[in-house]
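Scroll down for the structure; my scribbles are underneath it.
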Amino acid sequence: MEFFRKIKTKAINFCKWIWSECKDWRTLVLLLIVVVVMYTPVWGGYLLHILFGVKLGSVVATAYLAFWAGPFTPYFPLCIAITFGIKKIIEKITGKKFRETDKKKPGKNK
């Protein structure tokens, strides 16, 4: 029982950390962009089938969707990791944190 309690607390702490990181609207938009880009083979394959009649496109799209939508695939952890990686690169290039711009007081900007 102790093992499951530790696992449960670690999972809850991880979800709280993810939530605290995604409270910034820029990070949330970045996460949505990463999810859309990662699902490109799905909507791209269906688009190929609809627009040009390429049946292989829908077959590949369905197989991709069936694999990544499964419960034991690391799709969302990969999306979160890519999002945080891009966020860190952007922070390194710009030299400031995402949240710093949101926390400035209106009267104290210079």
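The values are calculated or read from the model by the stated rules, or taken from the named source; none is laboratory data. Predicted model only: the values in this text are computed from it and were never measured. SASA here: full protein model, heavy atoms, side chains in, ligands and nucleic acids out. Shrake-Rupley method; radii C 1.70, N 1.55, O 1.52, S 1.80 Å.
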Inset, instruction - Kindly provide the helix-only [θ] at 222 nm of the chain, computed as the sum of -39,500 (n - 2.57) over DSSP H runs of four or more divided by all residues, to the nearest 500 deg cm²/dmol? - result: -25500 deg cm²/dmol
Inset, instruction - Keeping all protein chains in place, calculate the accessible area per residue for the range 1-62 (probe 1.4 angstrom), answer in Å². - result: 79 Å²
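In the structure displayed, which of LYS23/LYS97; LYS16/LYS96; LYS23/LYS88; LYS6/LYS97; LYS10/LYS87; LYS16/LYS87 lie more than 21 Å apart, Cα to Cα?
LYS16/LYS96; LYS6/LYS97; LYS10/LYS87
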Inset, instruction - Would you list the membrane-span-like helices of the chain, meaning whole DSSP H runs whose alpha-carbon atoms span at least 18 Å along their axis and whose mean Kyte-Doolittle value is at least -1.0? - result: 2-21, 25-38, 55-68, 75-94
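Stokes-Einstein at 4 °C, 1.567 mPa s, Kirkwood radius from Cα pairs: D for the chain in µm² s⁻¹?
Numbers: Rh = 17.1 Å.
For the chosen part, D equals 76 µm²/s.
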